[in-house]
Amino acid sequence: MKLRNIAENFLSAQPGQEDSGVFCTHCVDSPVPAVRSCLHCEVSLCDKHLKVHKKSPEHILSDPTLSMERRKCSVHKKILEYYCTEDETCICMSCYVIGEHTGHKMVSLDGASEKKKETLRNVLQKLLTKREEMEERVQSLQEHRRKVEEEEAGDTERVTALFIDLRRRLEDLEKRVLRDISGRAERVSIFIQDLEIKKEELSRKMRDIEEMCNMTDPLTVLQESDTGDLCDTEDGDNEDRERHEELLHDGGGLDVAGVLHTGLSDIITGGNVSFYIQGAEDILLDGNTAHNYLQISDGGKTVSRSDIKQNHPKTTREIPVLSSGDEQSEVLLRETLLGSGCRGVR
């Protein structure tokens, strides 16, 4: 109703006399705004001169205008009084009687004008309604934008904190693995030193035994108190063999691939961060494909880390979780893969 009132006021508003810019033709001493124009006489009149102007039918009065010729027929030079509905143009009486519009249906200018105004009013009403709907959509989107901005701020904070933690964990893992790698040769060197010491000890025993074997006095040979230690040939042999095989087998005692695999798995499952898929309410998380240290909610909507092994029945690989029933659209909820459209659960 309010928009309709605005439209009617807008259409009914008429320019004031001062706004027309047309002045009385007969007021030569000082310009006086015209109130009407006579199309027959082709003059504009103020209130004073309008009172004494002829009132005969051929003197057609209109709103003040400077374009007299525009209101006359270009062919017959007569005043345009009618509207040809077939050709949709303004015509004079001669156009209808003897001109090219003979026999056409015609209506008065006022009637044609009112009909066109009614059409324009309908168009205006539709445009006003459309603009109102558009304003409502703009307001709705502005409110939605505020919510999105709030979500973005929260998501940005969570993602930033998450990646800070991931970088710290990765740096710690890198330092530990590099430290273990750099110590491999050192561990081999230490074992070599131990073997060298044991080899010298064996050489000493061999010399003592040879010396005893060269003794000629049997009493002296029998009275030697440390011969038991000299005869012990198995001291530490098994341990040294195992250590020797271990160092030869794994290049120094470190399985780099295994350490990295274990370390990265700990990083993936170590963060207490949950995710949801925005705008995908119909997707359920499949507990059968979840990592054994991830717990799926009863509704299948959220996943979180668990300190208790879950023993999911069909887990065959180190992935956190897939979407239920759709292997092609795997929803890998790794803390390191936020670019898949996942957001933190609030």
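Read the figures in this text as sums done on the coordinates, not as results from a lab. Source: prediction; values computed, not measured. Note: ideal-geometry Cβ built from the backbone for every residue, glycine included; neighbour counts use all protein chains shown.
Observations on the model:
- Relative contact order, percent, segment 77-119 [alpha-carbon distance under 8 Å, six or more residues apart]: 37 percent
- Once you reduce segment 22-57 and segment 172-198 to the center of their Cα atoms, the two points are 116 Å from each other.
- Greater than 24 Å apart at Cα, pairs in Lys77/Lys105; Lys48/Lys117; Lys72/Lys115; Lys55/Lys116: Lys48/Lys117; Lys55/Lys116
- Per-selection Kirkwood Rh - segment 178-225 (Cα, Å, 1 d.p.): 13.6 Å
- The chymotrypsin sites (Phe, Trp or Tyr not before Pro) of segment 52-154 include none that meets both conditions, a loop assignment by DSSP and at most 16 other Cβ atoms within 10 Å of the site Cβ.
- Computed from the Cβ-Cβ distance with R0 of 35 Å, the FRET efficiency linking Glu135 to Glu157 stands at 0.55.
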